[in-house]
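Q: Following this message is one structure expressed as structure tokens.
The values are calculated or read from the model by the stated rules, or taken from the named source; none is laboratory data. Worth saying up front: this structure is predicted, and the values here are computed from it rather than measured. Positions of Cβ are backbone-derived with ideal geometry, glycine not excepted, and every protein chain shown enters the neighbour counts. Ligands, DNA and RNA are stripped out before the accessible areas are found, and what is left, the full protein with its side chains, is counted by its heavy atoms. Shrake-Rupley method; radii C 1.70, N 1.55, O 1.52, S 1.80 Å.
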Protein chains: 2
Amino acid sequence: MKKNNKKSALEEKEGIHLDAISNKASIAKIKSFRKNQPSVSSLIQGIHNGDKIALSRGITLVESKSKPHAIQANQIIEACISDKKNTLRIGITGVPGVGKSTFIEALGKHLTNIGKKVAVLAVDPTSSLSRGSILGDKTRMEALVKDENAFIRPSPSGDSLGGVARKTRESIILCEAANFDVILIETVGVGQSETAVHSMVDFFLLLKLAGAGDELQGIKRGIMEMTDTIVINKADGKNKQAAKLARIEFTRALHFYPPKENGWIPNVLECSALENEGISEVWQTILNFKEATAASMYENRKHQNKFWLLQTIEDNLKIRFYQDDTIQEKLKELTSLVMNAKVSPFVAAEQLLALHQKELK
Amino acid sequence: MKKNNKKSALEEKEGIHLDAISNKASIAKIKSFRKNQPSVSSLIQGIHNGDKIALSRGITLVESKSKPHAIQANQIIEACISDKKNTLRIGITGVPGVGKSTFIEALGKHLTNIGKKVAVLAVDPTSSLSRGSILGDKTRMEALVKDENAFIRPSPSGDSLGGVARKTRESIILCEAANFDVILIETVGVGQSETAVHSMVDFFLLLKLAGAGDELQGIKRGIMEMTDTIVINKADGKNKQAAKLARIEFTRALHFYPPKENGWIPNVLECSALENEGISEVWQTILNFKEATAASMYENRKHQNKFWLLQTIEDNLKIRFYQDDTIQEKLKELTSLVMNAKVSPFVAAEQLLALHQKELK
């Protein structure tokens with residue numbers, strides 16, 4: 001009994017299951033592992049000193065699903081959160097094949113060359129893909145990975161976009177505390193991931209290739225409205241002429257979208273990330289944006305903070321409802337009746353809400 | 001005591017407060033009122049016979065805030081709901097002054113002239129305005145009001161868009177059961193009301209005036225994507241030339257929006273509702289739409305039904321959370337801390353959700 005108690009206390013503290021461990025040696029091993037784990041306060045200290053290993057460990061705690069880790073992560077976040085105004089959070093989206101990794105490497109190197117510290121994060125609920133695009137393929141971002149002033153972290157694994165988005169947003173806080181000036185957040189745009197990234201960045205960049213005529217083909221609804229600048233990548237060699245035409249077409253297209261509240265007029269640029277051309281122009285546009293919208297940019301961050309507060313609350317209320325087994329069964333039955341106009345959606349909703357109320361008590 | 005009991009039983013049944021009534025005469029009056037109230041079954045019968053008075057009384061029950069009325073309303077809705085395929089639900093939006101009432105009257109008269117039965121409803125959370133736009137001003141829709149084959153109902157009063165939208169959606173069910181073929185749903189586009197209307201109609205029409213150059217000015221974000229056709233109203237007299245230019249400009253603008261899933265290509269028309277010109281072309285476009293998208297139109301209605309089921313559930317979960325006094329107080333305090341980056345949104349959300357959980361028990 002005593003041994004069991006000891007085990008569960010350990011389990012609780014370490015957040016790991018010890019079912020497979022039954023001898024003293026293993027317990028000793030775990031105790032020694034715990035000893036080598038840096039304390040929360042030393043991690044906080046390390047992050048503030050810009051130590052990339054401490055930052056990495058902090059993010060691992062943020063991403064962990066264990067309860068004790070979550071408590072430690074919250075302590076670190078509370079110690080790191082601040083309203084620093086000298087950072088820039090940039091969202092980068094584009095379909096697979098558009099050259100996001102090459103572009104991020106080129107932009108990242110440009111920034112470290114001019115003395116900036118750059119962190120690269122990703123929001124991609126299909127995490128295996130994202131690990132591929134950022135780190136898995138060793139030939140990608142090779143130069144940036146080795147750069148002392150760059151920090152690259154693949155997308156956290158997580159089953160839901162909400163979970164991945166939360167972890168990425170908390171990682172931004174840690175990166176900024178570790179004195180990274182520019183945070184690049186990549187997304188491949190699965191589902192609503194662009195919307196999630198858009199609501200955690202200051203500037204949103206859409207990467208495109210020159211197409212075969214109708215340039216709007218393949219752009220998801222709502223993306224054009226979010227975009228602060230469109231960059232046509234691979235504007236090199238034979239593609240140069242097509243890129244020029246695409247630039248004209250996109251510039252015209254942007255004119256037909258409602259103006260932005262902050263007064264910023266989105267523009268279209270060409271670049272070749274591979275040949276390192278047009279990258280400084282992209283950075284100049286981002287600086288122009290920062291200068292033109294400075295006041296509203298910080299106001300926007302405040303509203304993003306509020307948005308994430310309410311979004312998290314509402315997501316959780318929904319999760320609690322939809323994950324209830326009794327609800328799931330009844331919902332399935334009623335959804336079919338509602339879709340085929342046998343029961344009114346509102347009458348069915350009332351029934352389900354009454355059931356949920358009963359379940360909670 | 002006995003008298004009081006009698007009163008509360010009546011209160012409960014009639015859904016009205018009797019606080020002001022203390023003598024037998026008044027109670028007798030109410031009993032007689034109740035006697036004259038048609039039964040639910042006779043209302044259902046009347047609605048199915050196309051009786052406009054029964055329809056009107058049914059909608060009054062749907063709109064009522066009293067519990068016994070709600071039970072009766074649900075009985076009526078359950079008896080009226082069906083997946084009729086020969087009806088058309090058309091949403092009409094446009095800013096005040098664009099001539100929505102005149103347009104609806106002209107389109108409505110055109111439809112009754114060709115043998116259709118037309119119902120006009122409205123979604124407008126600022127109900128006083130809407131009563132004004134549909135019925136308050138007696139000079140408006142004069143001809144349609146008198147038309148035997150038309151039924152006009154102002155926006156239900158209600159404090160929230162959710163409430164108004166629900167009532168309007170249930171009224172559509174009743175109107176269709178009363179054999180109305182075409183349901184026109186007007187909105188002035190306050191807040192998110194266009195989105196609500198868009199998700200309860202088959203076809204969405206945006207009414208515009210010829211502007212002074214940049215035609216996209218004044219169009220709210222997201223409206224262009226919802227629009228199935230843009231109608232430039234008041235294309236008469238001196239405005240004719242400007243309307244032509246606006247038509248060209250909007251046609252070009254529409255080209256720059258992503259294509260619709262159902263394959264429909266939105267178009268731009270001109271009309272003069274006042275001079276009754278171009279109205280039959282609008283109707284022809286709607287018929288073309290119905291023919292081109294028939295299969296996906298009914299599929300769309302199924303998804304709208306499901307959307308409203310989930311939307312109602314989620315709205316109610318949120319209402320229960322945000323209306324809690326303890327939550328309200330704590331939320332106010334934490335929102336300010338979160339906005340100013342003193343507390344992480346996720347940490348604050350956790351605190352509030354734990355508090356809500358405690359409150360529910």
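Q: Could you compute the net charge surrounding B:Ala295? Neighbours are other residues with a C-beta less than 13 Å from the C-beta of B:Ala295; K and R count +1, D and E count -1.
A: Here the charged neighbours net out to 0.
Q: Using only the Cα atoms of region B:309-361, build the gyration tensor, take square roots of its eigenvalues as a ≥ b ≥ c, and label the shape rounded, prolate or oblate: rounded if a/c is under 1.5, else prolate if a/b is larger than b/c, else oblate. Spell out each step's value before the answer.
A: Working: a/c = 2.18, a/b = 1.65, b/c = 1.32.
Note, shape of region B:309-361 comes out prolate.
Q: Can I ask one more? With a sphere of radius 14 Å drawn around the Cβ of A:Lys260, what net charge do the other residues whose Cβ falls strictly inside it have (Lys, Arg +1; Asp, Glu -1)?
A: Overall, the nearby charge balance is -3.
Q: Where in region B:236-281 are there trypsin sites (Lys or Arg not before Pro) that are in a DSSP coil and have at most 16 other Cβ atoms within 10 angstrom of their Cβ?
A: Those satisfying the criteria are B:Lys260.
Q: From other protein chains only, count the Cβ atoms within 10 Å of every residue's Cβ in B:253-259, then give the mean.
A: 6
Q: Next up: Once neighbouring chains are kept in place and the probe is 1.4 Å, which whole percent of the accessible area of region B:206-361 is contributed by carbon and sulfur?
A: Here it works out to 53 percent.
Q: Between region B:84-119 and region B:291-327, how far is it from one alpha carbon centroid to the other, in angstrom?
A: 25
Q: Give me the distance in nm between label points sitting 7 Å out from Cα along the Cα-to-Cβ direction at B:Tyr298 and A:Ile53, one decimal.
A: Rounded to a tenth, the inter-label distance reads 6.8 nm.
Q: Just in region B:67-125: which trypsin sites (Lys or Arg not before Pro) are loop by DSSP and have at most 14 other Cβ atoms within 10 Å?
A: Answer by residue number: B:Lys84, B:Lys85.
Q: Further, regarding this structure: When ligands, DNA and RNA are left out and all protein chains stay put, how many square angstrom of accessible area per residue does region A:182-287 have with a 1.4 Å probe?
A: 41
Q: Starting from a label point 7 Å past Cα on the Cβ side, list the distances from A:Gln192 to the same position in the other copies, nm, shortest first.
A: Computed spacing set for this position: 1.0 nm.
Q: Ignoring any ligand, DNA or RNA, what whole percent of the accessible area of region A:82-121 comes from carbon and sulfur when the probe is 1.4 angstrom?
A: Ligands and nucleic acids excluded, carbon and sulfur give 51 percent.
Q: State, in square angstrom and to the nearest 100, the accessible area buried between chains A and B, both chains counted, probe radius 1.4 Å.
A: Chains A and B together bury roughly 6100 Å² of accessible area.
Q: Given a 1.4 Å probe and the protein chains all in place, what does the accessible area of B:Ser39 round to, in Å² to the nearest 10?
A: About 60 Å², rounded to the nearest 10.
Q: A further question on this structure: Counting other Cβ atoms within 10 Å, which GluC sites (Glu not before Pro) in region B:222-276 have at most 14 and lie in a DSSP loop?
A: Sites meeting the loop and neighbour criteria: B:Glu261, B:Glu275.
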